[in-house]
Structure formats: C-alpha cells, structure tokens
Amino acid sequence: MRHLPALIIAIPLASAWIVPLTSLVSAWLARLISITALMFTTLACYGSLKHAMTLPGMRWSYTFGGWEASSHGGIPIGIEHVIDPVSGALATLVAALALLTVLYSGPQIPLRRQVRSGVYHGLLLTLTTGLLGMTITGDLFNLYVFLEITALSAYALLAKTGNRATLASLRYILVGTVAATFYLIGLGHLYAVTGTLNMADLSVRLSQVQDSRLIGFALILITLALLTKMAVFPFHSWQSDVYTYAPPMVIPFIAGTMSKVVAYTLFRLFYTICFVDGSVAHHVARQVLDVVGVVAAISLVAGSVLAIAQKDVRRMLAYSSTSQISAVALGLAIGNASALIGAFTLAANHAFAKACLFVAVGNFHHRSGAQNIEYLDRLGIRMPLTGIAFTIAALSIMGLPPTGGFFGKWYLLSGAVEKRAWGYVLAIVVGSLLSAVYFARVIERLYVGSFDGTGHSPSRGGTPRKFSKENLPFLMVAPMAILVIFTILVGFYNYDLVSGLLQYMLPAGVEWKS
Amino acid sequence: MTINMVYGHLEYYLVAILLVMGLYGMIASTNLMRKVMAMNIMQVAVIVFFISLASKQGAMAPVLPLDENHHVKSVLAHEVVNPLPHALMLTAIVVSVATTGLALALLIRINRHFGSLEESVILEKMVKE
Amino acid sequence: MTERIPGVLGEGVSTRTRWASLVLLGLFGALMIAASPGLPRVGDANSVPANHVADYYIEKGYEQTGVPNIVTAVLADYRGYDTMGETTVIFVAGLSCLLILGTQRTLRRVEELDLDSPFGSVVLDLGCRLLVPFILLFALYVVFHGHSSPGGGFQGGTFLAAAAILIRLVRGKGESWGFSRRQALIVASIGGSLYVWIGIIPMFYGKQFLDYSGLPLAVTDIPHLRAYGTLGIELGVALTVMGVLIIIFDCLLGKEE
Amino acid sequence: MLRLDILFIVLMIACAWGILNVKSHISAVVIFGAFSFFSCTFFVVTGALDVAFTEAAVGAVITTVYFMLAIYKTGENVVPVRRKVRGGPNP
C-alpha cells in the first residue's frame, strides 16, 4: 500500500523487460503478461489516487532510494513521485486506455509472428511507462527521461506499418528531438539560476530569482518544446502524416493520451512552478502564458479549418486533435477556475472520444479497407455498432449536450467571458462550429452516402470490399463500447466529476464557487 | 557588457553558435542522412552547455582521491567540479545514441522503399504512387 | 497531400525559406546570448548550482553511498531512478530496431549479416585476435572499477559491444561469434530485469523502491551495502547496453526480409 | 592566456561546419568522429571525466560505426553538387 506510487512504474517496466523474452517461448504468454501488468497498473493508479485524496493537502510524495526529495526545508537530493488529484486521475486514465489498447490490438497482431508481437507488446508497455512517469514525476530532469522513453517508443510503434509511415516517423523523430533539446536547454537555464531540479524546490527558489530575461528565455524554450509535442498549430505539421499512416491499433492510445500528458506538464510548469505570488517569475510566466493563449486561439480555428479540407478520415482526425488540444491549452492560458475546469473536462472528454473515433475508423478500415471519407458510403448502416460509436464520439467532440464536450466547452466559454476576453470567446465558438462542419460531413457519408459512387479514382485509400454484416471480433468491439460509455459518463456525471474531483485539481489561489 | 563579462560567458556564446548550426543543418540540408548528423551536433551542443555550467576554475574531477593509507580523502565542495550535470549528461548521451540508432534504422527502411535519401527524389516517388 | 515544412520534405529548400530560417535561427541565437548574462560565469566555484544540491553530493556522497566516484554515486544511487529510465531508453531503441528492421527470421535462425566483403585480411584478422581479449578485459575492469575511477556500466557495456562489433567487421559473414541477435535480446532483457528487481526487492524489506540499503545481503555496513547495490545495477546496465548495441548493429546490417 | 576549453569548442564548430558542408557522406562521418573527439577533449579539460569517457566510447566509436553502416547499406555516398548547403552559418 505504501509503495503504490512506485508500483505504478515498477509493474509495467518490470513486465516490459520480460515480455520480449517470453515471446521467444510463447506469444500467448507475452500477451497475457502485458494484460495482467496493465490491469494491476490501473489498479495501482486508482488506489494511489484514492489514497492521495485522503491526505492533508491531497499531495502524496514518494521518494526513491530513501533519499529525501521534498522541499520542506531540506535539500532535494533524490527524486520523488507526486500523486495529487490531477496526476492521479490522469495516470489512471492513461493506464486504463493502455489496457484497452492491448485488448484492442489482440485480434490484429498475428500470434504466429510471435517475436514481433512480443516486441510490439514490450514497446506498448514502455510507452505506457513513459506516459505514467511523465504524469507523476516530481523532478524536471526525470520528466525529460520519461519524455524520451515515450517518444522513442512512439516513433517505433508509429513506423510499424512501413513505407510512408517510416518517413512520417522520421520527421517526427527530427521534430521531436528538437523539442526535447529545447526542453533540455530551458531546463539547463532554470537549473543554472536555482541549482535544483525538483519541481517543488524549484518553485520556491525560482520565486527569489530576479533575472526576468533568463527566466523568460527558459520558459519560452520549454513552452515551445511542449507546444510542439502537443502539436498546436504552427508546430503541428509532424502530426498529420504520423496519424494517417500509423498502424490502427496503437493510434487510439497515442492520440488519446500523449498530448494530454504533455498539456498537464505545461499546466504544472506554469501553475505549480512559476506562479508564486509577487515573484518576477510569476510576472514573466503570466506574459508567456498570454502569448500561449493567443497562439492556442489561432490554432483552435486553424486546426478546424485544416480538418475541413481533408479527404482522409484519419488526417482529418489529426487536425481535429490539433484544434481540440488547443482548446485545452487555451483553458490553461485563461487560467480562472471555470476555464481550468473546462480544460480538464475537455482533456478527459477528448481522451475518450478521440480514442473512440480512431478505434471506430480502425474498425471501418479493418472491415472494408476504406480510409478516404468518400469510401465510407453507408458504412454506418452496414456496421451499426461502429457507426453509432463514431457518431456519439463525434457529437461529443463537437460539443453537443449532454456529452462531456458540451460541458467542457461551456465551462471554457464562461471562463473566457468572465475574463472578458472576447477574442477567445469568438475563437471557441468558431472552432466548435467548424468542428460540427467536418464531422457532419463524415456522419452524412456514413448514413446517407452519395448514391452515384462514381467519379473517384481508386487510390491508396482502397476501394471498399463487399460485405454485409458487421462481424468484428469481440475484442475490437468491446474497447470501443467501453470508450463510448465513458464518453457519455463524462457528460452525465459531469456535476459529480467537478465537485468530486476537478475542483480539487485547481491550483492554490484559484477558487471554484458553484 | 564588459570584456570580463564576455570572457566569462564565452562558452555559452559558442554553444549558441553550435546549436544554431545544428538546427540550421537540420532545416537546410536536403539529405536525410545529413539531417541526422546535424541532429547529433545539436545534441552535443546541449551537453557542452551543461558541462560548462558544471566547471569550476582549478577544481579537480569528481573522483575522490586516496590518501597515503588508501583511505578516501574527504574534500570541500569548491575543490571538486559539480557532479550533478555530469550525471545528467551521461543520460543525455545515451539518449542521443538511442535516437540516432533508431533514426538510422528508419533511414535504411526508407532507402529500401524509396531508393534514395534525397528529399527531392523521395518526393517524386511519393507523388508517383 | 503531404504537408510541407521547410527542409523536412519540402521540394528542395528554396533560397527564401533558407533565409527565413537563418533569420529565425539568428534570432534564437541572439536570444540565447541575451539571456546568458544571468548564467553563472564559467568556472565560478560560488555559483548558485554549485551551492545547493551539488555540494551535498560532494561532501556527503562517499560516506552515504560508499562510492568514491561521485558521478557514479549520483547516477546510480541518488538519481538511480533516472538511470533506470535511461536504461529503458536504450532498451526501447533496441526493440525499435527489431520492430522496424525485421524480427522473425533473424531471431530464429543463425545470423546472416549482409557484409559480403568484410574488411578482413590476414593482418586485420591477427590484429583483431590480439585486441579483442584486451578489450574484453578492459571492459570488465571499467564496469567493476567504475566505483573508484571514471567508468561504469554504460562505458563497460559499450566496450563489450565494441569487441563483438570489431569481430563482426573484420571477419564478416556468419562470424557472429556465437552471439546472435536472439542471445543479445536475452542478455539485454536479463540486464534490465536485474536493475528493476534490485529496485523491487528492497520493497519487501520495508524500504523504498531502489533503496539499496534494503537488499538482503550479509553486509551490515550501510554504505557498503549501497555500494554493492550500485555494483549490481552497473552490471545490469552493462549487460543491457551490450545487448542492445549489438542488436542495433545487427539490425542495421541485417539482410532484407 | 590561452583557454583550452574555448579552443576545443572552436574546433568543434569548425568540424560542425565541415559536417554540414562537405560533399561526401563518408567524409562527413569521419569529420563527425573528429567532432566527437574534440568534444571529448573539451570534457576532459573541464574535469568531466565520466562524460568524456562515455562520449569517447559512444559518440566517437559506436555512433560513427552506425553511420558508416547506414551509408554502406544505403549505398549513398556522394551528395549531388546542387544540394550542397550554401550560406551556412559561418563562424
């Protein structure tokens, strides 16, 4: 019980090391180990969240190696894990989605290619480890290490399908490495003026630093790096190719969780490290955050506009992701209670809904070979379950009540209105309307279809195969159903979510009155 | 900025130049292999930055010496260079070799499919497909 | 359509984008130089980073961890969790190469490297025979003596891999020296598992994760115990690095499937 | 007063310029080895022995070998003249 925060990392990591090994013996065993490990990881995340909520201050710190790391007057010589309501909830979400992904990829990874399947599962486990570590670590350099674990696993998994995917993945490597390097330089500057890497200690010591130019430079670099990893508009160009050519079984997980974890890092960088009242760092960080707000507002609209122009469903979803994660970033930038709660709700909703959309698209593709929107003709009628799942998730991203997306956007809007930032209000409204446009186009295709079906040259999108029944493996439908249910639950139990969890996530100094 | 100031921060300026060269190489070279090399230059620049940060004038390397009875001597903090950035940069070096290995594997795969690493050639092939 | 960003799959790089990128990068460099007066002077012994955490490591490092090489103490003990992540990064790189450049046949059969004309000649062959034992010996020395001199798991593992790579380069096809990719994968996995389990075992004895003083060894002196723990993880790291570097080498040189 | 560390960084910059501008890939890799070597000597001068050791083993040996292998496998050595990087940041 005492060791739950360490087990969050130790379980998936220990199994990641042995899964490729066991796959030399039996691929079946390897899959069993991964599923079991992720199940226990999810439980550990949930358990530590529950326990952290009962602690005073709702902050559970776990130090590694018995070296003190927290900042209560001492010197942070070690590394710590910090479980608070945000990180605990996000970790639970990541672990749960990873579990669903392993289940979902089951029917699509042929067991007879046993080593390949073992390597795949090992990489999936390290990817999960990296994301979990980024979420709960309390040390900036440790965060870099986990960032690299995540990134390297993602590069490899995304290149799995070969050919164009490798090219997209290479671009991702180049862009991602520049981002990681920027992060490291920014971190170096912060270290140079504070002498510490522990976040809590850094917050204390940074508030005494007077050099605004240096802090500004460091913050700009780290923010640039994080925005690139989140694929916000001017830095988004790696994402679309990667999502389009990636193997369909990992893309729901990566699209659903990676940008949220990075967004949470951005949140911590500003709200728990820099925002100490009256310090120079606070002032500088506020200015940087205002710029982030403007960029996010532009990106919110631009992502939607780019999404409308796409023919390939997955590319459209990639641009939609850019738009949605910008909404989250915008919420962080506005920074009052409603906007932050809106950002958290949107992030949770987007994690479930976007994962669900990619699963649904993967299922369409699995059954019919279709990827372009124009080949989706009437698939919703022939594959009713997948069609319904796609529709509900799409409605949720568009922000129609009673889904979680609606409440998220509502909170976000009221936050912007409270702040009297009318430009942001406009951006949110326009972005939502545009998202309705591009999703409506797909949904129309799914259910009404174009009746001629001529005029398309059969290209790489693939001509649809003939079939009449849905007839998908159970393991490909069940994760989709679970994701849809969660998407709906985020909407229905929104009030409980806010009063039971989200309001504790707010940083000190931001009060929530309902 | 006095001369003294510049002299004390010269390493950082040179690191900035090295970093910009790496970034420029990544953007401007049209060959994917060369881009990966430029990426390595950039990563080494960061390592040089951290190591400059850790150095101390006239201090010894962070390996504690033995006295005549073969016991480890205890030292004062200012006599030894800062070991923390060294430990961090060991990690960064390993990360950079891992990234390079992965990138080269991708390059070979790309070369198998497209037959070249020149961007213009690859682009032509992609349009033809 | 593929979206284009300058230089990464643009249609060549036009002069204009080249100048634009130069201007942007120049701005970046100028910003970095403008921010640099706030950094401590190079070689300043009284700078902020030298006097907060680092001085603690230098003054207390040996008596707490029993390791005279302070970098090793920081790397493997105080920040051992980071190093675990770093070992994972290396392992991920090895797995990635396996995933990207084919796995199935190569892990089943005897190695088939695509090195038709190795650099081998009689002189090289003799030189290689002469060198390899010393490289291996030196590698082991580096691993086990990393406590009190520069060196440690990473460097030692790299030398172990370098010995194998040297043999492959000189003797070429088929001479994988009884160390195939499959065995390399096994060695790498064992090394990493060793690391993780050295971390996990202390939890059964009421200590934190990676707290080497909780290892069930017959040593009562805590710094000594920690030094043994450090040695154990260095060994794990060396095995992993060796295995993975060989895997990457073989994957890069492997036959097309 | 000659400061060795500055000298080595300047040499590194020269090598970096070479890597980006030289025509053949193999020459670039050889210069890359020299670049790694100079970074090693820089680390030694500043007292970072462990880092220098690692960089020598990993950067100068393993990375260089990997690059050589990649060039061997892709069979791409000489970069066509037109694609030479012009107007590089000349230190």
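Read the figures in this text as sums done on the coordinates, not as results from a lab. Predicted, not measured: the structure shown is a model, and the values here were computed from it. Please note: Cβ atoms are built from the backbone with ideal geometry, for glycine as well, and neighbour counts cover all protein chains shown.
Below, the figures for the structure above:
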{"read-out": "In the range A:1-100, the trypsin sites (Lys or Arg not before Pro) that fall in loop regions by DSSP, at most 13 other Cβ within 10 Å", "value": "A:2"}
{"read-out": "Charge sum, other residues only, whose C-beta stays under 15 Å from residue A:292's C-beta, Lys/Arg counted +1 and Asp/Glu -1", "value": "+3"}
{"read-out": "Size descriptor, Kirkwood hydrodynamic radius, that averages inverse alpha-carbon separations across the range A:207-343, Å", "value": "15.5 Å"}
{"read-out": "Averaged over C:22-31, number of beta-carbon atoms from partner chains that fall within 10 Å", "value": "5"}
{"read-out": "Cut-off 9 Å between beta-carbons: net charge of the residues surrounding residue B:90, Lys and Arg +1, Asp and Glu -1", "value": "-2"}
{"read-out": "For the range C:68-253, average projected area of the Cα convex hull in nm²", "value": "11.4 nm²"}
{"read-out": "Average beta-carbon neighbours from other chains, 10 Å sphere, peptide C:208-217", "value": "4"}
{"read-out": "Ratio of Rg to Rh over the range D:4-74 (Cα coordinates, Kirkwood Rh, two decimals)", "value": "1.02"}
{"read-out": "FRET efficiency, residue B:66 to residue B:13 (Cβ-Cβ, R0 51 Å, nearest 0.05)", "value": "0.85"}
{"read-out": "The range A:249-267 versus the range A:193-214: alpha-carbon centroid distance in Å", "value": "28 Å"}
{"read-out": "Cα-based convex hull volume of chain B per residue, rounded to whole Å³", "value": "134 Å³"}
{"read-out": "Cα centroid of the range C:37-90 to Cα centroid of the range B:38-86, whole Å", "value": "9 Å"}
{"read-out": "Pairwise label distance in nanometres, residue A:36 with residue A:291, each label 7 Å out on the Cα-Cβ vector", "value": "5.2 nm"}
{"read-out": "Distance in nm between pseudo-label sites at residue C:30 and residue C:63 (7 Å out along the Cβ direction from Cα)", "value": "5.3 nm"}
{"read-out": "Proxy reagent accessibility, fewest Cβ within 10 Å first, across C:62, A:495", "value": "A:495, C:62"}
{"read-out": "Average beta carbon contacts from partner chains per residue of A:227-239, 10 Å cutoff", "value": "1"}
{"read-out": "Spatial separation of Cα centroids for the range A:103-178 and the range A:426-444, in angstrom", "value": "31 Å"}
{"read-out": "Cysteines, the protein assembly as shown, no other Cys beta-carbon under 4.7 Å", "value": "A:45, A:274, A:356, C:128, D:15, D:40"}
{"read-out": "Dimensionless Rg ratio for the range A:1-138, taking C-alpha atoms and the 2.2 N^0.38 Å reference", "value": "1.14"}
{"read-out": "Whole-Hz couplings from phi, Karplus 6.51/-1.76/1.60, listed for the range C:50-63; x for Gly and Pro", "value": "6, 10, 10, 9, 4, 5, 4, 4, 5, 7, 9, x, 5, 5"}
{"read-out": "Listed pairs A:50/A:409; B:35/D:23; A:354/B:128; A:50/A:354; A:311/A:354; B:35/B:56 exceeding 23 Å between Cα atoms", "value": "A:50/A:409; A:354/B:128; A:50/A:354; B:35/B:56"}
{"read-out": "Overall dimensions of the protein assembly as shown as given by Cα atoms, namely Rg and Dmax in Å", "value": "27.0, 93"}
{"read-out": "In sequence order, calculated HN-Hα J values of the range A:129-146 (Karplus, 6.51, -1.76, 1.60; Hz; x Gly/Pro)", "value": "4, x, 5, 4, x, 4, 6, 9, 6, x, 9, 5, 6, 4, 4, 4, 4, 5"}
{"read-out": "Pair residue C:197, residue A:388: separation of 7 Å Cα→Cβ label points (nm)", "value": "4.9 nm"}
